[in-house]
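S.K.: Here it is, the structure in full.
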Amino acid sequence: MEETTANAENRLTPNANQNYDSPNRSSLHGFLMRVGIITAIVLILLLMWYAVNVLLLIFAGILLAVFLRGLSDAVSRFTGLPPGWSLAAVILTILLTVGGLTWWLAPSVAEQAAELRRTLPESVKQGEAWLSQYGLGRQIIERMPTLDEAMPNGADAFSRVTGVFSTTLSAIANFVIIIFVGIYLAVDGRVYTNGLVRLFPLDKRARAREVLDELGFTLWWWLLGKIAAMIIVGIVTWLGLMILGVPLALTLGLLAGLLDFIPNIGPFLAGIPAVLIALIVSPTTALYVLVFYFVIQSAESYILTPILQHKTVKLPPALTIVAQILLGVLVGGLGLILASPLAAAVFVLVRMLYIEDTLGEKIVKPSEEGKDENAESSD
């Protein structure tokens, strides 16, 4: 009887230990899994942080590819050319246009730059004399550094020249990378899209392709709206500066159009050389130019851009400004330039992957808005 009882206890003991060990092992396994996931997320975020400039260059290349592919598709539809030939025609046209404008404008720009350097001290004196007539103007003059203080000397001059040279080389290298990435993606973008889609499970691939198509649609229409705004701003600036009698009106108009790619900040940057060149004429002309650029900035931000980008994602202006501040502070000039299209892309991802897929709320995608409007008009 005692032997039977002992055997029974021996049989019960392992089961009891197993019952106690199983939860411990399960909790340990879950803890290790959570630690591993958190570690992987931290490593990915660190990698993205250190490679953020590379990622932004890739995004800029994607943006260029969307632009080239959209133009080449339009040329192919209207002319019947094969996609490869239409893409080559688009690239050749862009190169010839940029080269022709550079060859035409470079001599006059160099001449006016030399003239600006010669007359700037006298123009600054005239501006100070005009400002000194007013109380607020005298306060501004007292806080402004003199021209001699603003000009670098000795070691500072060498350091600034070295910094400018390094920055220029870096900008050229980044530009070349963007060009090659954009052209390669535009030539055969479907290969890269299919490869990216294959990284997802089979049941998620259709949704992944839908999201990628929506991103391409949004970036294309964002680019169209932005380019139209750039052209209008450039032409209006050129005509306005011609009327005001400012030298280099065409060059300054081109600069204003190009810098308008950067929302909110671009027109301000374009206004600086315009005001400096207007000082060659007179301080009053410089004041008129300053007011003129302020009017253009206001009209472009609050009237022109919302109308032209009606077909693209309804990106809140505050979100664009926040994205510019964050990327400008964290990354620098490249982040500032790409903040607006990147915010538009992230906005689409949040709406489709979080609001629609996670929360289950139906949204109207930018590519469907035109269809919905046509359906309503037909009804």
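S.K.: So, in the stretch 88-103, how many residues would count as being surrounded by 13 or more Cβ atoms within 10 Å (Cβ to Cβ) and at pLDDT 90 or above?
M.R.: First, the residues of the stretch 88-103 that are surrounded by 13 or more Cβ atoms within 10 Å (Cβ to Cβ): 88-91, 94, 101.
The next check asks that each one be at pLDDT 90 or above; those that pass are 88-91, 94.
Residues flagged as surrounded by 13 or more Cβ atoms within 10 Å (Cβ to Cβ) and at pLDDT 90 or above within the stretch 88-103 amount to 5.
S.K.: Is one or more of the residues making up the stretch 189-206 surrounded by 16 or more Cβ atoms within 10 Å (Cβ to Cβ), under 17 Å from PHE67 (Cβ atoms) and in contact (Cβ under 8 Å) with a residue 60 or more places away in the chain? Spell out how you get there, then give the answer.
M.R.: So in the stretch 189-206, the residues surrounded by 16 or more Cβ atoms within 10 Å (Cβ to Cβ) come out as 189, 193, 197.
In the following step, the residues that additionally are under 17 Å from PHE67 (Cβ atoms) were identified as 189, 193.
Right, trim to in contact (Cβ under 8 Å) with a residue 60 or more places away in the chain and you get 189.
The answer is yes; a qualifying residue exists.
S.K.: I would also like to ask the following. So is THR79 at pLDDT below 90 and not basic (Lys, Arg) or not? It would help to see each step written out before you state the result.
M.R.: Values: at pLDDT below 90: yes; not basic (Lys, Arg): yes.
Yes.
S.K.: Among the residues of the stretch 275-300, write down those that are surrounded by fewer than 16 Cβ atoms within 10 Å (Cβ to Cβ), within 26 Å of the chain's Cα centre (by Cα) and of a type in the set (S, T, N, Q).
M.R.: SER298
S.K.: Of the residues THR305, THR251, which is closer than 30 Å to LEU215 by Cβ and touching a helix residue (DSSP H, G or I) at 6+ places or on another chain (Cβ under 6 Å)?
M.R.: Exactly one residue qualifies, and that residue is THR305.
S.K.: Here's a follow-up. Given the options GLN18, GLN112, name the one that is under 30 Å from ILE280 (Cβ atoms) and either surrounded by 13 or more Cβ atoms within 10 Å (Cβ to Cβ) or at pLDDT below 70 (or both). If you could, list the steps in order and put the result at the bottom.
M.R.: On the way: GLN18 fails: under 30 Å from ILE280 (Cβ atoms).
GLN112 is the lone residue from the list that is under 30 Å from ILE280 (Cβ atoms) and either surrounded by 13 or more Cβ atoms within 10 Å (Cβ to Cβ) or at pLDDT below 70 (or both).
S.K.: Restricting attention to helices (runs of 4 or more DSSP H) lying wholly within the stretch 200-314, give those where 3 or more residues are in contact with a Ser or Thr (Cβ under 9 Å, 6 or more places away or on another chain).
M.R.: Working: elements: 205-244, 249-259, 266-281, 283-299, 305-308.
Per the criteria, 205-244, 249-259, 266-281, 283-299.
S.K.: Checking the condition of a type in the set (Ser, Thr, Tyr), more than 29 Å from ILE363 (Cα to Cα) and either part of a helix (DSSP H, G or I) or at pLDDT below 85 (or both), which residue from TYR184, TYR192 passes?
M.R.: Answer to the selection: TYR184.
S.K.: Another question, if that's okay. Being exposed (fewer than 14 other Cβ atoms within 10 Å of the Cβ), of a type outside the set (Asp, Glu) and modelled with pLDDT of 70 or more is true for just one of ARG69, ARG117, ARG143. Which residue is that? Give the derivation first.
M.R.: Details: ARG69 fails: exposed (fewer than 14 other Cβ atoms within 10 Å of the Cβ); ARG143 fails: modelled with pLDDT of 70 or more.
Just one listed residue meets the conditions, ARG117.
S.K.: Within the stretch 254-280, how many residues are of a type in the set (Val, Ile, Thr), more than 30 Å from SER72 (Cα to Cα) and either in contact (Cβ under 8 Å) with a residue 40 or more places away in the chain or touching a helix residue (DSSP H, G or I) at 6+ places or on another chain (Cβ under 8 Å) (or both)? Write out each step before concluding.
M.R.: Step one: of the stretch 254-280, the residues of a type in the set (Val, Ile, Thr) are 262, 265, 272, 275, 277, 280.
Now restrict to residues that are more than 30 Å from SER72 (Cα to Cα): 265, 272, 275, 277, 280.
The next check asks that each one be either in contact (Cβ under 8 Å) with a residue 40 or more places away in the chain or touching a helix residue (DSSP H, G or I) at 6+ places or on another chain (Cβ under 8 Å) (or both); those that pass are 265, 275, 277, 280.
Final tally of qualifying residues: 4.
S.K.: Out of the stretch 120-140, which residues are loosely packed, with under 10 Cβ neighbours inside 10 Å and at pLDDT 65 or above? Give the derivation first.
M.R.: The initial filter retains those residues of the stretch 120-140 that are loosely packed, with under 10 Cβ neighbours inside 10 Å, namely 133, 135-136.
Listed by number, the list holds a single entry, GLN133.
S.K.: Looking only at the stretch 251-274, how many residues end up being out of contact with any Gly (no Cβ under 9 Å at 6 or more places or on another chain), surrounded by fewer than 20 Cβ atoms within 10 Å (Cβ to Cβ) and not aromatic (Phe, Trp, Tyr)?
M.R.: 4
S.K.: Separate question: Identify, please: which residue in the stretch 337-367 is modelled with pLDDT under 85 and not in a loop (DSSP other than H, G, I, E, B) and is, among those, surrounded by the most Cβ atoms within 10 Å (Cβ to Cβ)?
M.R.: PRO366
S.K.: Related question: Run down VAL289, VAL329, VAL350, VAL322 and say which single residue is in contact (Cβ under 8 Å) with a residue 40 or more places away in the chain and not charged (D, E, K, R). Full working, then the answer.
M.R.: Working: VAL329 fails: in contact (Cβ under 8 Å) with a residue 40 or more places away in the chain; VAL350 fails: in contact (Cβ under 8 Å) with a residue 40 or more places away in the chain; VAL322 fails: in contact (Cβ under 8 Å) with a residue 40 or more places away in the chain.
So the residue among VAL289, VAL329, VAL350, VAL322 that is in contact (Cβ under 8 Å) with a residue 40 or more places away in the chain and not charged (D, E, K, R) is VAL289.
S.K.: Still on this structure, I have one more. Can you work out which of the residues in the stretch 234-269 that are farther than 23 Å from TRP103 by Cα and touching a Leu at 6+ places or on another chain (Cβ under 9 Å) is modelled with the lowest pLDDT?
M.R.: ILE265
S.K.: Quick check on the stretch 213-229. Is at least one of its residues surrounded by fewer than 14 Cβ atoms within 10 Å (Cβ to Cβ) and within 30 Å of TYR354 (Cβ to Cβ)?
M.R.: First, the residues of the stretch 213-229 that are surrounded by fewer than 14 Cβ atoms within 10 Å (Cβ to Cβ): 213.
After this cut, where a residue has to be within 30 Å of TYR354 (Cβ to Cβ) as well, the list is 213.
The answer is yes; a qualifying residue exists.
The values are calculated or read from the model by the stated rules, or taken from the named source; none is laboratory data. What you see is a predicted model; the values in this text were computed from it and never measured. With ideal geometry, Cβ positions are generated from the backbone for all residues, glycine too; neighbour counts draw on all protein chains shown.
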